[in-house]
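Structure first, commentary second.
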Amino acid sequence: MKTLKSLFVMFLLVAGLYVAWRLIPPYFANYQLEDAIANEARLNAYTTKSEQDMRDAIFRKAQDLEIPIRPEQIMVQRSANEVSIWTEYTVHVELPGYPMDLKFRPSSRNKRL
């Protein structure tokens, strides 16, 4: 009985590590994209960089992170006092017996002082 418990605990540990190995990379990539979007909005609130140039910079970062996104999915809005950048994308994660889609909505809005 003790051996059976040990095997069961080992199975749960391995299964947990496998699920973490599959789920952590998309969340980490989203975190990095959110950081890039926040930096882009913060830095360009005071510059004359065009909306298209900001969109291209975010798209390049998304490609580096292997995030499945198209340039037209990245929304950039500049007004006199603020820059807003947002997007939405889905990452499909294939787990044994339980495929799932993770939906992410990174965004940032920065106002001038």
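The values are calculated or read from the model by the stated rules, or taken from the named source; none is laboratory data. Worth saying up front: this structure is predicted, and the values here are computed from it rather than measured. We place every Cβ from the backbone using ideal geometry, glycine too, and count neighbours over all the protein chains shown. Areas reflect the complete protein model, heavy atoms only, side chains present, ligands, DNA and RNA absent. Shrake-Rupley method; radii C 1.70, N 1.55, O 1.52, S 1.80 Å.
What to note about this one:
- Normalised by residue number, the volume inside the convex hull of the Cα atoms of region 54-98 is 77 Å³ per residue.
- Ordered by solvent-accessible area of protein heavy atoms (1.4 Å probe), largest first, the residues L4, L33, L23 come out as L4, L23, L33.
- Rg then Dmax, both in Å and based on the Cα atoms of the chain: 19.7, 71.
- With the helix formula -39500 (n - 2.57) applied to DSSP H stretches of n ≥ 4, the chain reaches a computed 222 nm mean residue ellipticity of -18000 deg cm²/dmol.
- Rolled with a 1.4 Å probe across the full set of protein chains, the surface gives S79 an accessible area near 60 Å².
- Backbone geometry of region 15-23 corresponds, through the Karplus equation with coefficients 6.51, -1.76 and 1.60 at θ = phi - 60°, to 3J(HN,Hα) couplings of 5, x, 5, 5, 4, 4, 4, 7, 9 Hz, x marking Gly and Pro.
- Surface listing: R109, R55, R42 arranged by accessible area from highest to lowest gives R109, R42, R55, probe 1.4 Å.
- Between the helical axis of 51-64 and the longest alpha-carbon principal axis of the chain there is an angle of about 20 degrees.
- Accessible area per residue in Å² at 1.4 Å probe, computed on region 27-85: 59
- The W21 and R42 beta-carbon pair, evaluated with R₀ = 35 Å, returns a calculated FRET efficiency of approximately 0.60.
- Of all accessible heavy-atom area on the chain, the percent that carbon and sulfur account for (1.4 Å): 59
- Net lengthening on full extension, E94/E34 (0.36 nm per residue, minus Cα-Cα): 19.2 nm
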